[in-house]
Amino acid sequence: MRERELVLDQYNAKVYKNRKEHILQIDDDTENRTITANTRSIPGIITNRGCCYAGCKGVVLGPLKDALTLTHGPIGCGFYSWGTRRNKAKTENGENFIQYCFSTDMQEPDIVFGGETKLRKAIDEAMELFHPKTILICSTCPVGLIGDDIHAVAAEAEKKYGITCVAFSCEGYKGVSQSGGHHIANNGVMRHIIGTGDAPVSKKYKVNILGEYNIGGDGWETERILKRIGYEVLAVLTGDGSVESLRNSHQADLNLVMCHRSINYIAEMMHTKYGIHWLKVNFIGIEATIQTLRDMADYFGDSELKQRTEEVIADELAAIAEAHTYFRSKLEGKTAALYVGGSRSHHYQALLADFGITTVLAGYEFAHRDDYEGRDMLPFIKEDADSKNIESITVEPDPEKFHAFLSKEKYEELKDKIPLNSYKGLIQDMKSGSIVVDDLNHFETEEFLRLLKPDIFLSGIKDKYVLQKANVLSRQLHSYDYSGPYSGFNGAINFARDITMGIYTPVWKFVVPPWKNHSTLQATLAEV
Ligand code: CFM
Ligand code: HCA
């Protein structure tokens, strides 16, 4: 039996029926590579997924430094999403509220009698103490259940204080994961913020970077490279980003989409509303960065820009050549498993490959089928959107409608101009025999560890202890532990250094957990 079946076979019939759709072992049949995704987790199973509030407040809105983001709910949600995601932000001219945690701290009486009064008071207090120009209100579960009208309170606050105040009904229970929250945040930002500014912009190659959250400083490293070439970055959504820059972002020539999952809705809506094309990019990995820079230069088609791009690539490569060779000699032949949210498991395969590391398992917490299969990711070609309504809706990708946004003829005409990367999903890049798992649970983590024996498992805080207890090297790919940046040329070397340190310091292999020698209860009694 193959590894996939060895794991699935241990489930009862009902769980088997569900999970078999979410686990794929890649074979040579390239035609038949589909997977079920973006569906409910099985109740009781230990999933790593988060909630709608996490996707909206934690991921998309949280990094906007000049917005005061107010969590309306009991204190736990605000507290646990306070400062855990390493989205770095520098204070420039405007405000920077990134270090703060603002919450209405709802109590029982607010749940019984309604929390709107408390929300109004919290806004008054925030205005008095911090004078923000923008307040973003994010709901947690109880708010939706009791029916507080946060949108009405936001509208009142706008009138009373002359500020921008936007409410997001991102109650945690909505949808099946963080993904619904991304969508809600995208719609609110598009409707209330993007395009509301008119600051003059001059330079020739103006881009926005969408889906770059500046974890460990990734966005700064990417921007450094782009600026060297001659691009002007108007706005980053939303790492080290600001409401002020978003207001003017509609003046860009091209949107670069780094994380497709959390922000593809804005890319599409900006295309429909402002005609800005978008390009799927990947600044994680040396080869991937080079490919992305060339795709960008091709998009603009200017020979000077192309030449400058090649000069910068050559210069950056020369600067890391020695380190690249050294770390490759240390890492070549190792194997890795990757399990992250909705885009990194694809991006990081490119970086691992730069150092000769093979990915044997990859999966996503909340990706949709297009992130895995890539079918409907045809960039900057939604030529004739039927609807000018820019409120985005989720369309489940349908393999039959691969060319949904275009006529077949138009597709044939354009297809050579579409960079290959742009419509590839995770599956297309995976080697025969490797495993793809959607919504990997802790049981499956343990089983695949035993069967595949990867040298490194790159994932998050919720499962890293499972890995360490199994004596496997774990690095957090959400937060980069305390390290970074991992993007671009310098970032690739930082990443390789961290992985090399881990592999050549195999401390977990020397740890004997107490329960291996005696039962923990006896050990405790003996100490007493
Ligand atoms: Fe996009 Fe992200 Fe990711 Fe994501 Fe996330 Fe994140 Fe992630 Mo954690 S936006 S989908 S919701 S790349 S917070 S910066 S690391 S799960 S793979
Ligand atoms: C989230 C945020 C998270 C969690 C990280 C982790 C992040 O999904 O709510 O599980 O290790 O990157 O901070 O994905």
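Where a number appears in this text, it was derived from the coordinates with a stated rule and is not lab data. These figures come from a predicted structure and were not determined experimentally. All Cβ positions, even for glycine, are placed from backbone atoms using ideal geometry, and neighbour counts span all protein chains on display.
Of note:
- Inter-probe distance in nm under a simple model that places probes 7 Å from Cα toward Cβ, at Gln107 and Val512: 5.3 nm
- For the range 452-503 and the range 200-248, distance of Cα centres in Å: 27 Å
- Per-pair calculated FRET efficiency, R0 = 35 Å: Arg497 and Ala314 via Cβ, rounded to 0.05: 0.95
- Cβ-to-Cβ counts within 10 Å put Cys77, Cys56, Cys101 in ascending order as Cys101, Cys77, Cys56, the fewest first.
- Lys, Arg +1 and Asp, Glu -1 on Cβ, resulting dipole of the range 1-119 about Cα centre, debye, nearest 20: 160 debye
- Relative protection proxy for 279-289, 346-356, from highest mean packing down: 279-289, 346-356 (other beta-carbon atoms within 10 angstrom).
- Mean separation of Cα contacts under 8 Å (6+ apart) over length of the range 89-202, as relative contact order %: 21 percent
- Residues Cys259, Cys52, arranged from fewest to most other Cβ atoms within 10 angstrom of their Cβ, appear as Cys259, Cys52.
- Sparsely packed trypsin sites (Lys or Arg not before Pro) within the range 137-217, loop by DSSP, other Cβ within 10 Å at most 14: Lys203, Lys204
- In sequence order, the range 292-307 has phi-based couplings of 4, 4, 5, 4, 5, 4, 4, 4, 7, x, 8, 5, 5, 5, 4, 5 Hz under the Karplus curve 6.51 cos²θ - 1.76 cosθ + 1.60, θ = phi - 60°, and Gly or Pro positions carry x.
- Annotation: extensible slack from Lys133 through Glu21 equals 35.6 nm (criterion: 0.36 nm per residue apart, minus Cα-Cα distance).
- A straight chain from Asp149 to Asp481 at 0.36 nm per residue would run longer than the Cα-Cα distance by 115.6 nm.
- Cα-centred dipole magnitude for the chain, charges only on beta-carbon of K, R (+1) and D, E (-1), debye, nearest 20: 840 debye
- Point-to-point label distance, Tyr173-Tyr504, nm (Cα→Cβ direction, 7 Å offset): 5.3 nm
- Percent of beta bridges antiparallel (DSSP, the chain, rounded to nearest 5): 10 percent
- Spin-label model, Thr39/Arg450: points 7 Å from Cα along the beta carbon direction are separated by 2.6 nm.
- Using a Förster distance of 22 Å, the FRET efficiency for Arg228-Thr335 (Cβ separation, nearest 0.05): 0.05
- Unpartnered cysteines - no second Cys beta carbon under 4.7 Å - across the chain: Cys51, Cys52, Cys77, Cys101, Cys138, Cys141, Cys165, Cys259
- FRET efficiency for the pair Ile290 and Phe79, taken as 1/(1 + (r/R0)^6) with r the Cβ-Cβ distance and R0 = 41 Å, rounds to 0.45.
- Most tightly packed first, judged by the mean number of other beta-carbon atoms within 10 Å of their residues, the peptides 460-470, 500-510 read 460-470, 500-510.
- Once you reduce the range 288-305 and the range 71-149 to the center of their Cα atoms, the two points are 42 Å from each other.
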